[in-house]
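A quick write-up on the structure given underneath.
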């Protein structure tokens with residue numbers, strides 16, 4: 001019965017399973033009965049420890065109850081402790097506690113959970129952090145990097161967490177961090193607009209369509225306006241001048257392919273996040289920028305667009321860093337958090 | 001015949017006519033036969049001097065020929081000089097010259113034209129520049145401001161020109177300026193996406209719909225995620241967390257009103273431009289930010305959103321300034337430019 005539920009969860013999250021996200025740890029009996037859960041605006045994510053591996057699963061927040069059904073068989077009455085973060089940890093707290101019948105439920109501050117998760121993944125999990133580098137043919141362009149020995153070497157860094165919305169967090173140490181900005185043009189915007197514009201039913205269908213699209217059918221390039229580049233402004237003919245502007249020029253008569261629409265919007269949102277991230281990092285004099293959040297989903301085009309945006313705006317001086325478990329920082333942080341660190345929400 | 005054509009132009013641009021954009025100048029015979037034209041990615045704008053007034057007209061670039069038909073009766077064979085700027089001045093140069101049979105056509109660099117226009121409007125036209133201030137009930141919140149006597153007092157400023165795309169221009173003096181950034185999430189994006197999402201056929205229908213919409217039907221607020229605000233992050237319950245995220249949560253079954261979609265997208269694009277503008281101004285240590293371009297169109301909601309964005313991100317330290325003739329800076333600049341300032345495009 002338990003397996004059936006977990007298999008269902010796997011079927012619904014093929015990309016996660018395919019990417020072999022499970023992390024194998026030395027057996028720690030004391031942690032068997034912990035569950036970390038991160039309930040965001042669009043997605044709920046959980047992390048638990050079973051058969052010597054950290055296991056990951058996610059579901060749309062709207063389907064939270066089916067998620068809880070998957071977790072129920074894992075709960076040991078009276079001994080399983082739940083550590084919950086994300087906005088939904090407050091909104092759905094009573095419901096989750098009643099449904100799961102956990103021994104206790106600690107609510108963990110969202111940013112605190114993110115940073116605990118980031119620190120663990122950066123320092124304890126081999127090949128977790130990677131950069132995009134397609135300069136070597138036939139090599140996977142997601143190239144793992146060795147972080148400097150001793151985490152303190154890499155402070156301060158900026159963590160860009162891209163979920164439904166986007167948060168920019170300045171991190172000065174494991175216990176010292178601050179939200180310095182954000183944008184509401186995030187994953188929810190991409191998914192919401194594509195729900196209205198395409199027949200795609202979930203994130204993965206949208207990303208698959210984006211893979212097959214050509215954004216030049218919708219986006220107006222500098223060359224479309226000038227007939228060439230505009231060297232005095234440093235703009236080449238292939239620079240995008242205006243996302244989606246061709247849809248207006250061609251009016252309501254033209255039908256655009258859902259794949260082209262998906263690709264244009266994915267690039268527009270991703271590039272804008274990169275530009276804002278760079279400007280915030282510059283504002284706060286921060287060298288290193290890490291990108292995380294369920295928006296990224298290991299998707300090449302998203303990662304390449306963000307990476308190119310950071311390179312372009314920093315004139316090649318900054319690099320975007322990514323996490324292999326990018327959607328699970330908060331859930332991992334909740335899972336690992338110490339109960340005394342839980343916060344009340346007031 | 002000439003009047004009939006001009007009346008047609010007026011009928012197509014009611015908002016412009018209603019806002020009484022005509023500028024009355026002392027009679028200057030030498031300028032009667034000049035036409036300034038600014039052909040952008042989505043809109044063509046022109047300025048000419050007739051009956052002691054500067055007159056303004058615009059048309060979608062796709063309909064350029066009907067625009068030229070309006071201008072033809074104004075051209076005096078062998079004596080009218082055309083001054084053209086914008087990307088289309090390069091792309092459509094030969095066509096425009098052949099159609100209008102002008103004595104000469106000088107192409108003016110786009111940013112140069114913008115700055116000439118901005119300087120003229122700021123310094124020579126009373127009540128041109130205004131700010132948004134709705135703190136006094138029953139007063140028009142577009143409050144004209146007196147600029148410092150002597151333009152040099154206000155340098156450097158940043159000019160944000162919002163057309164199909166958006167350019168950020170640092171202006172250090174009448175002849176000293178530089179494009180320091182931009183975004184392709186601009187007017188073309190708003191108009192293009194709304195062409196795909198709503199039945200609106202032109203900008204003014206889209207803006208009218210936005211006036212009647214409620215963006216809370218589509219946008220996910222902090223309160224929708226947390227059930228309350230998140231004081232530790234400085235986020236109130238009514239802060240927008242993710243534009244359009246409710247469209248995803250509610251899937252393909254829900255129909256959303258075109259007015260709500262228009263309002264959400266107008267706010268999303270306008271607020272993002274304001275945030276990027278503020279960050280670029282801070283990056284370059286610039287105090288004053290002016291917003292121009294046909295995107296704004298004197299529309300209260302656009303102006304209020306941009307103004308609030310600048311106030312929010314600058315913690316009340318910066319104010320957004322606007323132009324009453326916001327869409328015509330380039331055309332005015334072309335109209336006023338000295339032929340020796342025209343540039344070749346290479």
Among (1) touching a helix residue (DSSP H, G or I) at 6+ places or on another chain (Cβ under 6 Å); (2) over 28 Å from residue B:39 (Cβ atoms); (3) touching a residue at least 40 places away in the same chain (Cβ under 8 Å) - the single one residue B:296 does not satisfy: (2)
Condition (residue is under 18 Å from the mean Cα position of the chain (by Cα), at pLDDT 95 or above, part of a loop (DSSP other than H, G, I, E, B) and surrounded by 21 or more Cβ atoms within 10 Å (Cβ to Cβ)) applied to segment A:310-327: is it met by at least one residue? yes
The lone exception for residue B:281 - which of (1) in contact with a strand residue (DSSP E or B) (Cβ under 6 Å, 6 or more places away or on another chain); (2) outside the structural domain of residue B:312 (by TED's automatic domain parsing) it fails: (2)
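List the helices (runs of 4 or more DSSP H) inside segment A:218-300, counting only whole elements, that have at least 1 residues being surrounded by fewer than 22 Cβ atoms within 10 Å (Cβ to Cβ) and within 28 Å of the chain's Cα centre (by Cα). Walk me through it before giving the result.
Values: elements: A:222-226, A:245-249, A:258-283.
So the answer is A:258-283.
Among the residues of segment B:80-95, is any exposed (fewer than 14 other Cβ atoms within 10 Å of the Cβ) and over 28 Å from residue B:276 (Cβ atoms)? Can you show your working first?
Going through segment B:80-95, the residues exposed (fewer than 14 other Cβ atoms within 10 Å of the Cβ) turn out to be B:94-95.
Retained after the next criterion (residues that are over 28 Å from residue B:276 (Cβ atoms)): B:94-95.
Checking segment B:80-95: at least one residue is exposed (fewer than 14 other Cβ atoms within 10 Å of the Cβ) and over 28 Å from residue B:276 (Cβ atoms).
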Of (1) touching a residue at least 40 places away in the same chain (Cβ under 8 Å); (2) in a strand (DSSP E or B), residue A:304 fails just (2)
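Do we have any residue at all in segment B:265-272 that's touching a strand residue (DSSP E or B) at 6+ places or on another chain (Cβ under 6 Å) and within 24 Å of residue B:310 (Cβ to Cβ)? Please lay out each step first, then the result.
First pass over segment B:265-272, keeping only residues touching a strand residue (DSSP E or B) at 6+ places or on another chain (Cβ under 6 Å): none.
Taking every residue of segment B:265-272 in turn, none turns out to be touching a strand residue (DSSP E or B) at 6+ places or on another chain (Cβ under 6 Å) and within 24 Å of residue B:310 (Cβ to Cβ).
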Scanning segment A:46-71 residue by residue, the ones that are touching a residue at least 40 places away in the same chain (Cβ under 8 Å) and within 14 Å of chain B (Cβ to nearest Cβ) total 2
Which residues, counting only those in segment A:38-56, are over 15 Å from residue A:295 (Cα atoms) and either assigned to a strand (DSSP E or B) or touching a helix residue (DSSP H, G or I) at 6+ places or on another chain (Cβ under 7 Å) (or both)? A:46, A:47, A:48, A:49, A:50, A:53, A:54, A:55, A:56
Outside the structural domain of residue A:192 (by TED's automatic domain parsing) and modelled with pLDDT of 85 or more, is that true of residue A:25? no
Failed criterion for residue B:77 (all others in (1) assigned to a loop (DSSP other than H, G, I, E, B); (2) touching a residue at least 40 places away in the same chain (Cβ under 8 Å); (3) over 30 Å from residue B:308 (Cα atoms) hold): (2)
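The values are calculated or read from the model by the stated rules, or taken from the named source; none is laboratory data. Please read these numbers as outputs of a predicted model, since none were measured by experiment. Here Cβ is always computed from backbone atoms with ideal geometry, including for glycine, and neighbour counts include all displayed protein chains.
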